[in-house]
Amino acid sequence: MSSILMSVLLTILMTALAPAIWGTTYIVTSEILPADSPFTAATIRCLPAGLLLILISRYIPKRHEWPKLIALSALNIGCFQALLFIAAYRLSGGLAAVIGAVQPLITLGLVWLMQGERPNWLSLLASILSITGMTLLLLSPKLDQHTAMQWDTIGIIAALVGAISMALGMYFSKHRQNTSSATALSIPLLAFTGWQLALGGMMLLPFSLLIDPAIPRLTHIHIAGYSYLTLVGTLLAYALWFKGIQQLPPVAVSALGLLSPLSAIALGWIFLGERIEGTALIGLITVLVSVLAVQWSQLLIKPSAKKSLANTDR
């Protein structure tokens, strides 16, 4: 196996850790954190992690970098997290996840629109397959008590716009160092991650103050849960995620995001006794196959992508 191929596989695995870690958020939130404080949890997990990374990197953005950095913070963190929670409150988990599964298709369309790069048939088929698999997995009768279909216009719009926000954020984060642009970002990775988390956390702060109830007295378990979400679920996960965005094609990264609900379901099976069988099991396998197929179509069969990744690693 060539060193370039090994580098590609290692980068995919490291990037895949981010959504796998995000998948632990559900069980930590439902079993450990105080109830009914989603925006507070989002703010606490983003803002301190961002400030810590800013202190470590000691990088202050240049004047021309602020507009693009604020826009990326809104797309990747602020808007996405707010819309995610709106969808979560108004829709069943299954329907929200199925709508979110269209993100690889949105990213394919964005790459086609912005770069004139038509999607290959395998990427397109795998992206459609991922939506089918997510539907089978999360809307199956075996999981009906947790994911029953619940149609809500505002919730559906929020979930769809959230998927578009994340796709746009990934795409423009990937191309943030476009040297032909006078507003190109040359921010180091840790600072780039930290400033987005801090700015996104500040965007979420008003929602936590105005919508969520006051934080109750925190126990040691609550503090441990918030600490995990801040240090592992946000600081580590987003550093891996933005590193992957820097090195992998946007469509490949977008498909890896489907591992988040799979991770949540696997943890529910392991720790909460939730069953995965029949249609749900077929859906889970289908989503995994679609994720692998997208990686293959975007990286392993495209020499230009492997060459680009190798150049990035130098």
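Just so you know, all these numbers are worked out from the coordinates, no wet-lab data involved. Keep in mind that what you see is a predicted model, and the values were worked out from it rather than measured. Please note: Cβ atoms are built from the backbone with ideal geometry, for glycine as well, and neighbour counts cover all protein chains shown.
Counting each pair of different Cα atoms once, what's the Kirkwood radius of segment 230-297 in Å, rounded to one decimal? The partial results should precede the final answer.
On the way: mean 1/r = 0.0743 Å⁻¹.
It works out to 13.5 Å.
What is the packing order of peptides 69-78, 7-16, 216-225, taking the mean over residues of other C-beta atoms within 10 Å and listing the highest first? Don't skip to the end; give the middle numbers.
On the way: 69-78: 22.0, 7-16: 17.9, 216-225: 11.9.
The peptides rank, most packed first, as 69-78, 7-16, 216-225.
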Rounded, prolate or oblate: which fits segment 1-59 when a ≥ b ≥ c are the square roots of the eigenvalues of the alpha-carbon gyration tensor, with rounded for a/c under 1.5 and prolate only if a/b beats b/c? oblate
So if each residue of separation counts as 0.36 nm, and I subtract the Cα-Cα distance between I211 and L189, what length gain in nm does that give? 4.6 nm
In whole angstrom, how far apart do the alpha carbon centroids of segment 1-70 and segment 270-296 sit? 24
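Once you order the gyration tensor axes a ≥ b ≥ c over the Cα atoms, which shape class does segment 1-120 get: rounded for a/c under 1.5, otherwise prolate or oblate by comparing a/b with b/c?
Details: a/c = 1.40, a/b = 1.17, b/c = 1.20.
Judged from the Cα gyration tensor, segment 1-120 comes out rounded (a/c under 1.5).
Take peptides 50-61, 245-256 and line them up by average Cβ neighbours within 10 Å, highest first, as a rough protection proxy.
Values: 50-61: 16.0, 245-256: 26.4.
By packing density, highest mean first, the sequence is 245-256, 50-61.
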